[in-house]
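The values are calculated or read from the model by the stated rules, or taken from the named source; none is laboratory data. For clarity, every value in this text was computed on a predicted model and none was experimentally measured. Please note: Cβ atoms are built from the backbone with ideal geometry, for glycine as well, and neighbour counts cover all protein chains shown. These accessible areas exclude ligands, DNA and RNA; they are computed on the full protein's heavy atoms, side chains included. Shrake-Rupley method; radii C 1.70, N 1.55, O 1.52, S 1.80 Å.
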Amino acid sequence: MNADLKFDFHTHHDRCGHARGTIRDYIEASIDKGLDIIGISDHSPYFANEEDQPYPHIAMGKSAFSGYVAEILKLKEEYKEKIEVLLGVESDFFPEHAGIYQSNYEKYPFDYIIGSVHQVDEISIFHKKRWEGLSQQEKQRTKETYYQLIEESARSKMFQILGHIDAMKGFYPSFSSIQTDVIDQTLKVISAHDIAIEVNTSGKTKDCGGWYPADDILERALYYGVHITFGSDAHDPERIGDDFELVKKRLKEIGFTDWVFFRQKKMQVVSL
């Protein structure tokens, strides 16, 4: 497929309560930036919670979900001559509630679902104080739990893309230097399940700087045959496609020859 194809599959908008702009704003920004494909993938509701919208600054309410899908499908049709719009969602992965999430997703014609682990031991991976007072052994156990959850998300067969697989370093850059073999095991499982990981450029907006995942993980992903895709994780239309060309260049340098995206959950391979 055309190596000049430009895309971004990880985007948010104002429904989630912590992003700026409407879905239309993101589509318009994508056209302005010369993208060929834009995927809309706002945060999933907390489907297992009794309340409709328990965390209004984190995710949309359950009652808003059907409207979210309907709006994307309407805009997909409206903009079809200018840009391809794909229907996605970034889904939290809670193993104990996976069935509830899956049954909600099955109602809609998603092109792809991004599976992201945002909590470990019921604490946000971005909570700056979660590391305070932990021994080295406890830090290692936390990192291993995080990757075991990512591995479980790959095995669940719910997702086409796994989101920001070292994002736990976001506000704790030392996370990357915690020694463990668990990442290799996780990458092997991801490869075996024929799904993709994203290069997510939002890490540059956090304390860690850089992208998710780091180059050393991308090198190991290549070794294990893991598929790669791109997402800015934009929470502002201005960040659409952020660092796309730099990521493409870096992936070539590492040794990747292609990357992928999904239409109707079928993998499409694009030459780098």
Residue-ordered couplings for the stretch 85-92, obtained by feeding phi - 60° into the Karplus form 6.51 cos²θ - 1.76 cosθ + 1.60 and rounding to whole Hz (Gly and Pro as x), are 9, 10, 8, x, 7, 9, 9, 4
Starting at the first residue of the stretch 94-102, write each ³J(HN,Hα) from the Karplus equation 6.51 cos²θ - 1.76 cosθ + 1.60 with θ = phi - 60°, in whole Hz, x for Gly and Pro. 10, x, 6, 10, 4, x, 5, 5, 4
Taking one equal scatterer on every alpha-carbon of the stretch 1-51, how large is log10 of I(q)/I(0) by Debye at q = 0.20, 0.29, 0.32 1/Å? -0.72, -1.11, -1.22
I'd like the FRET efficiency for Tyr108 and Ser63, computed as 1/(1 + (r/R0)^6) with the beta carbon distance as r and R0 of 22 Å, rounded to 0.05. 0.90
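Once the Cβ-Cβ distance between Asp121 and Tyr223 is put in as r, and R0 is 25 Å, what FRET efficiency do you end up with, to the nearest 0.05? Numbers along the way, then the final one.
Working: r = 30 Å, r/R0 = 1.20.
Given R0 = 25 Å and the Cβ-Cβ separation, E is 0.25.
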Using every Cα-Cα pair within the stretch 123-272, state what percent have a distance larger than 26 Å. 23 percent
Spherically averaged projected area in nm², based on the convex hull that wraps the Cα atoms of the stretch 118-157: 2.9 nm²
Determine the gain in length on full extension of the stretch Asp32-Asp215; use 0.36 nm per residue of separation and subtract their C-alpha separation, reporting nm with one decimal. 62.9 nm
Please calculate how many Å² of accessible area the stretch 139-272 carries per residue, with a 1.4 Å probe and no DNA, RNA or ligand atoms counted. 39 Å²
222 nm mean residue ellipticity, helices alone, for the chain (DSSP H n ≥ 4; -39,500 (n - 2.57); rounded to 500): -9500 deg cm²/dmol
Summed side-chain charge close to Ala234 - residues other than Ala234 whose Cβ falls under 9 Å, Lys, Arg +1, Asp, Glu -1: -4
From the phi of every residue in the stretch 241-255, what ³J(HN,Hα) in whole Hz does the Karplus formula 6.51 cos²θ - 1.76 cosθ + 1.60 yield, where θ is phi - 60° and glycine or proline is x? x, 4, 6, 3, 5, 5, 4, 4, 5, 5, 4, 4, 4, 5, x
Sticking with the crude label model, points 7 Å out along Cα→Cβ, report the distance from His97 to Arg24 in nm, one decimal please. 3.2 nm
Rounded if a/c is under 1.5, else prolate if a/b is larger than b/c, else oblate: which is the stretch 136-198, with a ≥ b ≥ c the root eigenvalues of its Cα gyration tensor? prolate
Label-point separation (nm) for Glu245 and Ser174, each offset 7 Å from Cα along Cα-to-Cβ? 3.9 nm
Report the extension gain between Ala70 and Ala192 in nm, rounded to one decimal, defined as 0.36 nm multiplied by the number of residues separating them, less their alpha carbon distance. 40.6 nm
Please calculate the 1.4 Å probe accessible area of Tyr26, with all protein chains present, and give it to the nearest 10 Å². 0 Å²
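Mind checking the full-extension length gain between Glu81 and Asp181? Use 0.36 nm per residue of separation minus the Cα-Cα distance, one decimal, nm. Let's see the in-between values first.
Working: separation 100, 0.36 × 100 = 36.00 nm, distance 4.75 nm.
Using 0.36 nm per residue and subtracting the Cα-Cα distance, I get 31.2 nm.
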On a straight-distance basis, which lysines could pair with Lys76 in a cross-link, Cα separation under 24 angstrom, same-chain partners fewer than 8 positions away excluded? Lys6, Lys33, Lys62, Lys107, Lys265, Lys266
Using the alpha-carbon centroid of each, what span in Å lies between the stretch 123-163 and the stretch 54-73? 26 Å
Honestly the chain on the Cα gyration tensor test (a ≥ b ≥ c root eigenvalues; a/c under 1.5 rounded, otherwise a/b vs b/c for prolate or oblate) is just oblate
